[in-house]
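The structure under discussion is supplied below as structure tokens; questions concerning it will follow.
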Amino acid sequence: MDFKNISYSSDGAVARLILKRPPLNILDLPMIGEVNRALTEAATEAALRALVISAEGKAFCAGVSVEDHLPPKARPMIAGFHEVFRRLRALPCATVSAVHGAALGGGCELACFADVIVASENATLGVPEIKLGLFPPIAAVHFPERIGWARTLQLITTGDILPAAEAHRLGLVDRVVSQGDLAAAVEEAAAKFRDKSAAAIRLTRKAAMVAAGDFEARLTQVEKLFLDELMDTADASEGLKAFMEKRPPSWSHR
């Protein structure tokens, strides 16, 4: 497949999706489209056991482009970005993420949506959207499944950025290793799926998703809140503009 911002490859059992827009791998609309194309391909591979998501550059992903949050791009951005998670949720195979450097905002959501999350000790993770007058829809929907409602609320309302060790303590990350050991640790995680039945993995994931409840309904509700209410506030516009203009935001206090 012809990609500019990512690469996708598969050996039949394990596929690899690599973010390749260094140094920060900021997701914009074209890159989001490429990720969705790669996930569409992964979904067609009946024998696939695992998908590994990693990145080149100094960071895993510093989030979704701030400019793409503004009209007229906000709605297509949310539609495309959330399609990534709908596709990840529906994949027939297990997923593993390899996190190094910053994984922030949408990058943190992408990293932490995997079934197995391996991070280097230099990784930092967080969803700081609140500092721009926004909230992170995927984190609001998915993080309670991983770390519980109370811890999720703390993270998304403070915008705190956590070192890998603290993210591991909270359950947001499954394993922390040195930067030099990250590749080997991720291969070890992916190898655990190689000798398993692809059909059994597919149906086990399906059973787990049923038990987790209606992700689609929850995400649709949160999308509506984000697009129809939050993005209509003065503070959402002010936060985004202040970030781009490199100045402190001036909140409306209402």
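The values are calculated or read from the model by the stated rules, or taken from the named source; none is laboratory data. Everything quoted here is computed from the prediction, not taken from an experiment. In this analysis, Cβ positions are derived from the backbone assuming ideal geometry, glycine residues included, and neighbour counts consider all displayed protein chains. Heavy atoms of the whole protein, side chains included, go into the accessibility calculation; ligands, DNA and RNA do not. Shrake-Rupley method; radii C 1.70, N 1.55, O 1.52, S 1.80 Å.
Exactly one of (1) open to solvent by 10 Å² or more (accessible area, probe 1.4 Å); (2) farther than 22 Å from residue 225 by Cβ is unmet by residue 51. Its number?
(1)
In this structure, is residue 18 at pLDDT 95 or above, more than 19 Å from residue 201 (Cβ to Cβ), of a type in the set (Val, Ile, Thr) and not in a loop (DSSP other than H, G, I, E, B)? First the steps, then the outcome.
On the way: at pLDDT 95 or above: yes; more than 19 Å from residue 201 (Cβ to Cβ): yes; of a type in the set (Val, Ile, Thr): yes; not in a loop (DSSP other than H, G, I, E, B): yes.
For residue 18, the condition - at pLDDT 95 or above, more than 19 Å from residue 201 (Cβ to Cβ), of a type in the set (Val, Ile, Thr) and not in a loop (DSSP other than H, G, I, E, B) - is met.
From 38, 119, 59, grab the single residue that is open to solvent by less than 10 Å² (accessible area, probe 1.4 Å) and either in a helix (DSSP H, G or I) or aromatic (Phe, Trp, Tyr) (or both).
Of 38, 119, 59, the one residue that is open to solvent by less than 10 Å² (accessible area, probe 1.4 Å) and either in a helix (DSSP H, G or I) or aromatic (Phe, Trp, Tyr) (or both) is 38.
Which ones in region 67-90 are buried (at least 16 other Cβ atoms within 10 Å of the Cβ), farther than 17 Å from residue 129 by Cβ and small (Gly, Ala, Ser)?
If the condition is that a residue be buried (at least 16 other Cβ atoms within 10 Å of the Cβ), farther than 17 Å from residue 129 by Cβ and small (Gly, Ala, Ser), then 80 is the only one that fits.
Which of the residues spanning region 2-54 are on the phi > 0 side of the Ramachandran plot and more than 19 Å from the chain's Cα centre (by Cα)? Let's see the steps before the verdict.
Start the filter on region 2-54 by keeping residues that are on the phi > 0 side of the Ramachandran plot, which leaves 12, 25.
Hit for region 2-54 is 12, nothing else.
Conditions (1) basic (Lys, Arg); (2) in contact with a Cys (Cβ under 8 Å, 6 or more places away or on another chain), marked per residue:
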| residue | (1), (2) |
| --- | --- |
| 15 | no, yes |
| 27 | no, yes |
| 30 | no, no |
| 37 | yes, no |
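How many of the residues in region 127-142 are in contact with a Phe, Trp or Tyr (Cβ under 9 Å, 6 or more places away or on another chain), of a type outside the set (A, V, I, L, M), under 28 Å from residue 253 (Cβ atoms) and assigned to a helix (DSSP H, G or I)?
Qualifying residue count, region 127-142: 3.
Yes/no matrix, rows are residues, columns are (1) open to solvent by 90 Å² or more (accessible area, probe 1.4 Å); (2) among the hydrophobic types (A, V, I, L, M, F, W, C); (3) free of Cβ contacts under 8 Å to residues at least 60 places away in the same chain:
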position: 219; (1), (2), (3): no, yes, no
position: 235; (1), (2), (3): no, no, no
position: 239; (1), (2), (3): no, no, no
position: 245; (1), (2), (3): yes, no, yes
position: 249; (1), (2), (3): no, no, no
